[in-house]
1. Taking the options Gly232, Gly246, name whichever one is open to solvent by less than 70 Å² (accessible area, probe 1.4 Å), without any contact (Cβ under 8 Å) to a residue 40 or more places away in the chain and either of a type outside the set (Lys, Arg) or out of contact with any Lys or Arg (no Cβ under 6 Å at 6 or more places or on another chain) (or both).
2. Take Ala375 and decide whether it is assigned to a loop (DSSP other than H, G, I, E, B), touching a residue at least 24 places away in the same chain (Cβ under 8 Å) and of a type outside the set (Val, Ile, Thr).
3. If I filter segment 352-368 down to residues being closer than 23 Å to Tyr63 by Cβ and either modelled with pLDDT of 95 or more or not charged (D, E, K, R) (or both), which single residue comes out as most open to solvent (accessible area, probe 1.4 Å)?
4. Could we say that Tyr338 is buried (at least 23 other Cβ atoms within 10 Å of the Cβ), in contact with a strand residue (DSSP E or B) (Cβ under 8 Å, 6 or more places away or on another chain) and either among the aromatic types (Phe, Trp, Tyr) or farther than 22 Å from Ser201 by Cα (or both) here?
5. Say whether the condition of being of a type in the set (A, V, I, L, M, F, W, C) and in contact with a strand residue (DSSP E or B) (Cβ under 8 Å, 6 or more places away or on another chain) is met by at least one residue in segment 146-158.
6. Which pairs turn up if I take residues in segment 183-195 that are within 17 Å of Ala379 (Cβ to Cβ) and touching a residue at least 12 places away in the same chain (Cβ under 8 Å) and look for partners that are open to solvent by 10 Å² or more (accessible area, probe 1.4 Å) and among the polar types (S, T, N, Q) with beta carbon separation below 6 Å, at least 6 apart in sequence or on another chain?
7. Out of (1) under 26 Å from Thr36 (Cβ atoms); (2) touching a residue at least 60 places away in the same chain (Cβ under 8 Å), the odd one out for Val81 is which?
8. Name every residue in segment 113-145 that is part of a strand (DSSP E or B) and modelled with pLDDT of 95 or more, in order of residue number.
Amino acid sequence: MTLSRDQKKAFGDVLEWYRKDKEAMPYITLGGYAGTGKTTFIAHLRKRLDKLDKKLKVGFASYTGKASRVLRNKLKETDTVMSQDTVGTIHSLIYSPIVDEKEQIIGWKTKDKIDRDLIIIDEASMVDGLIWQHLMAYKIPIIVVGDHGQLPPIKGNFNLMQKPHLKLEEIHRQAKHNPIIKISLLARENGNIPAGIYGDSIKKVILNSTDAQETVSELLSSYDYDTLVLCGYNKTRRKLNSFIRGALGFESPSPQSGDRVICLRNNHKDHIFNGMLGTIVTIENAGVDWYRAEIKMDEETNNFKGLISVKQFNSDTSLNFTDKRSEIMKGDLFDFGYALTVHKAQGSQAKRVILFEERFSQMTDDEWRRWLYTAVTRAEEELFIFSSAG
């Protein structure tokens, strides 16, 4: 594995921190744009650390199950996961289940101890303040890796990637010819992606013709689990969710078995977190304001089981941030998860991304560039951008 110039500089700085400074400075942050080789960097670092200490136990962790699976696969490809290492979600690393007398999970608690010598966090922009506080409490050195070009968390002031100690900004030569990386550069540097075709199944279309509308309809009607549909406004999200559900054969406006849903509020006790996606297994009425549901959460071993709010479905805002908060504390908040706002899609990626460009009037140019950059970098292979203006 050949490192670029800024990778070599960051590599030396991280090793210096690990050898000399990790006691006084318990963590170090590394920011890297899409295409700068963050995973290559992590793999190279693990091999070097193995030379320093063959017995070193590293806990690799990401916020979402999908991100941890991607990291695991990439590390396996480069043969850089040692037998004593673990790769999984942050939640599986630091939380353990609480079970009742029937051996059913009724909550989660932080583990008393983690048998790791070093923690490496990937996709760190999603980590919230409480999880970070729990991580730091173990007094284990942490290397934090994330994309400092993405949007900050939508709520609260905590942002691990706001001012990373080290930065990777040089696009790796293998990524320079990737059309999605090229589009991400236009988004990050200019905040403007001109209409046109950038590669196979990678294009931007202006919504001013019948042909464009037909293309949108065809793409949305072919929605599957490898698709992310992204937008800016919640009213657009509602319309897209309704259209996709209709195309998939759901006739009722109420959530049904088989519906895709998204969690809208952290619940550490039930091990569900804001932005997690899942599929309804069973659902039934439990009074006027509640459903009782079982939901298979993506990339998670255990299903969520509990009360979810009726009022949250098809609502323009999360009830967690309204004056109804006190009314909805006995259950959890989910909404349809076919179309998402870009903020909710942070930490997720998909083979195909369908993006509707929507800029809020109060957005600064920097906020818009981050929004657009975050959106397009969710795409792994296919990217379709639709805009009402060029």
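1. Details: Gly232 fails: without any contact (Cβ under 8 Å) to a residue 40 or more places away in the chain.
So the residue among Gly232, Gly246 that is open to solvent by less than 70 Å² (accessible area, probe 1.4 Å), without any contact (Cβ under 8 Å) to a residue 40 or more places away in the chain and either of a type outside the set (Lys, Arg) or out of contact with any Lys or Arg (no Cβ under 6 Å at 6 or more places or on another chain) (or both) is Gly246.
2. Details: assigned to a loop (DSSP other than H, G, I, E, B): no; touching a residue at least 24 places away in the same chain (Cβ under 8 Å): yes; of a type outside the set (Val, Ile, Thr): yes.
Here the answer is no, as Ala375 does not meet what is asked.
3. Start the filter on segment 352-368 by keeping residues that are closer than 23 Å to Tyr63 by Cβ, which leaves 352-353, 355, 367.
In the following step, the residues that additionally are either modelled with pLDDT of 95 or more or not charged (D, E, K, R) (or both) were identified as 352-353, 355.
Details: Arg352: 53, Val353: 0, Leu355: 0 Å².
For segment 352-368, the residue satisfying everything is Arg352.
4. Details: buried (at least 23 other Cβ atoms within 10 Å of the Cβ): yes; in contact with a strand residue (DSSP E or B) (Cβ under 8 Å, 6 or more places away or on another chain): yes; either among the aromatic types (Phe, Trp, Tyr) or farther than 22 Å from Ser201 by Cα (or both): yes.
So Tyr338 fits the description; yes.
5. First, the residues of segment 146-158 that are of a type in the set (A, V, I, L, M, F, W, C): 151, 154, 158.
Narrowing further to those that are in contact with a strand residue (DSSP E or B) (Cβ under 8 Å, 6 or more places away or on another chain): none.
No.
6. Every condition considered, the pairs that remain are Ser184/Thr377.
7. Just one mismatch for Val81, condition (2).
8. Residues of segment 113-145 part of a strand (DSSP E or B): 118-122, 142-145.
Answer for segment 113-145, where residues must be part of a strand (DSSP E or B) and modelled with pLDDT of 95 or more: Leu118, Ile119, Ile120, Ile121, Ile142, Ile143, Val144, Val145.
The values are calculated or read from the model by the stated rules, or taken from the named source; none is laboratory data. In this text the structure is predicted, and so the values were computed from the model without any measurement. Note that we place each Cβ from the backbone using ideal geometry, even for glycine, and neighbour counts take in every protein chain shown. Keep in mind that these areas ignore ligands, DNA and RNA; they rest on the heavy atoms of the full protein, side chains included. Shrake-Rupley method; radii C 1.70, N 1.55, O 1.52, S 1.80 Å.
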